[in-house]
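This is the structure I want to talk about, given as structure tokens.
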């Protein structure tokens, strides 16, 4: 393909003539590994950033561990705003992640699987630019190619990292690129805050409405306390033989496994089975608007997954489905079980097993409060409307993420110029 005037071919692809491609060692002033600190889940004075906290471009603080109280960390391992952290060890797919520290916590340190990259200000205008450049699809692929090891344990050694080709536009253009992408990040950050606020509001609404503490206008009367096995028919599923292609090839029926139960309403699943698998009873088909719960999965350490299938679906052996009785509104039951998740885990989770699981008789005996059906419908409508609002915001955020990825591809290859 003929080159566009003003562009050249390089080892990283086509870039503008005036851009340089330099090995990382020529634009770094220092690379410093963190400390090998003993750590714990229990909250303590010094949060410790580990490889699990590094995402692509940002820090994930869903799970934070802490340096044990008896250890005082090295001041040189304390994070400062603008630090670029590189993940030197992880699985083959995840090693080489790069994130920018934005003072997500008032104080934090980093461990020995992470390296702080300090860039030469004569060559690199800002750490923001460096982080964006290291997170392009092309750079991510080049970093993965440097990794050595197995699928589960891989590393990128410093000597190899230092040879990584790095795109270096003029500093004015670096600043313009970083500013444009930072504006999109700011929008994503505001959307994340709004989503978190809406989720908190929904949690408060669930606490009030699903316990009868607050009644919607026009409703009165006592609620009944019911066991879950009184609310509908229960059924479980199976995994059709993987050795029988007739059960899987050209499958059209969604088949629910524990990994699919991540959203309140299921329209699709990762795997599909054939009608033959249903006819030969190799698995179980449940009707639409059943309530499916995860009974066996490591995710039960964190939360109790519950969902409603919006079309008929098959289920595997780690799933139980409740087919609600006609006087039980399915959406109300979905919200009720979601709200009760922590209590269900505290009472029904089995211990001492290799994989966390729920004891079925205990779950069936778990009780929830049930109003008359018209009040169930009214409550479910309020909560479902809140879910719809959150889902719309999440979709907007996801589109903005996709926009940012497209901008990175265009700006950091020079296809679109800002200066």
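The values are calculated or read from the model by the stated rules, or taken from the named source; none is laboratory data. Here the structure is a predicted model, which is why all the values come from computation and not from measurement. Here Cβ is always computed from backbone atoms with ideal geometry, including for glycine, and neighbour counts include all displayed protein chains.
Is at least one residue of segment 9-29 in the same structural domain as residue 160 (by TED's automatic domain parsing), under 23 Å from the mean Cα position of the chain (by Cα) and in a strand (DSSP E or B)?
No.
Right, another one. In segment 137-155, which residues are in a loop (DSSP other than H, G, I, E, B) and touching a strand residue (DSSP E or B) at 6+ places or on another chain (Cβ under 8 Å)?
147, 153
Within segment 275-311, how many residues turn out to be in contact with a helix residue (DSSP H, G or I) (Cβ under 7 Å, 6 or more places away or on another chain), without any contact (Cβ under 8 Å) to a residue 40 or more places away in the chain, assigned to a helix (DSSP H, G or I) and buried (at least 17 other Cβ atoms within 10 Å of the Cβ)?
1
Output the residues belonging to segment 313-327 that are in contact with a strand residue (DSSP E or B) (Cβ under 6 Å, 6 or more places away or on another chain) and assigned to a loop (DSSP other than H, G, I, E, B). Can you show your working first?
At the first step, the residues of segment 313-327 found to be in contact with a strand residue (DSSP E or B) (Cβ under 6 Å, 6 or more places away or on another chain) are 313-315, 318-325.
318, 325 - these are the residues of segment 313-327 that are in contact with a strand residue (DSSP E or B) (Cβ under 6 Å, 6 or more places away or on another chain) and assigned to a loop (DSSP other than H, G, I, E, B).
Could you please find all residues in segment 347-363 being over 29 Å from residue 216 (Cβ atoms) and not in a loop (DSSP other than H, G, I, E, B)?
If the condition is that a residue be over 29 Å from residue 216 (Cβ atoms) and not in a loop (DSSP other than H, G, I, E, B), then 348, 349, 350, 357, 358, 360, 361, 362 are the ones that fit.
Still on this structure, I have one more. I'd like the full set of residues that are within 16 Å of residue 140 (Cα to Cα) and either over 22 Å from the mean Cα position of the chain (by Cα) or outside any loop (DSSP other than H, G, I, E, B) (or both), limited to segment 90-116.
90, 98, 99, 100
Here is a follow-up. Restricted to segment 219-238, and to residues that are part of a helix (DSSP H, G or I) and over 32 Å from the mean Cα position of the chain (by Cα), which residue is farthest from residue 296 (Cα to Cα)?
First pass over segment 219-238, keeping only residues part of a helix (DSSP H, G or I): 228-230.
Pick out the ones that are also over 32 Å from the mean Cα position of the chain (by Cα) and you get 229-230.
Numbers: 229: 19, 230: 22 Å.
Going through the qualifying residues, I end up with 230.
Can you tell which of 216, 272 is farther than 24 Å from residue 344 by Cα and in a strand (DSSP E or B)?
Working: 216 fails: in a strand (DSSP E or B).
Criteria check complete, one pass: 272.
A further question on this structure: Tally the residues that are over 26 Å from residue 192 (Cβ atoms) and crowded, with 16+ Cβ neighbours inside 10 Å, restricting the search to segment 36-68.
Going through segment 36-68 one residue at a time, the tally reaches 4.
Could you tell me which numbered condition residue 396 fails, if it satisfies all but one of (1) in a helix (DSSP H, G or I); (2) surrounded by 14 or more Cβ atoms within 10 Å (Cβ to Cβ); (3) free of Cβ contacts under 8 Å to residues at least 60 places away in the same chain?
Exception for residue 396: condition (3).
Next up: Output the number of the condition that residue 124 fails; it satisfies all remaining conditions of (1) at pLDDT 95 or above; (2) touching a strand residue (DSSP E or B) at 6+ places or on another chain (Cβ under 9 Å); (3) farther than 21 Å from residue 25 by Cβ.
(3)
Does residue 90 fit the bill of being farther than 21 Å from residue 12 by Cα and in contact with a helix residue (DSSP H, G or I) (Cβ under 7 Å, 6 or more places away or on another chain)?
yes
Assuming residue 156 fulfils every condition listed in (1) more than 26 Å from the chain's Cα centre (by Cα); (2) closer than 22 Å to residue 50 by Cα apart from one, which condition is it?
Only one criterion is unmet by residue 156, namely (1).
Name the single residue that is farthest from residue 327 (Cα to Cα) among those in segment 239-269 being in a loop (DSSP other than H, G, I, E, B) and without any contact (Cβ under 8 Å) to a residue 12 or more places away in the chain.
Going through the qualifying residues, I end up with 243.
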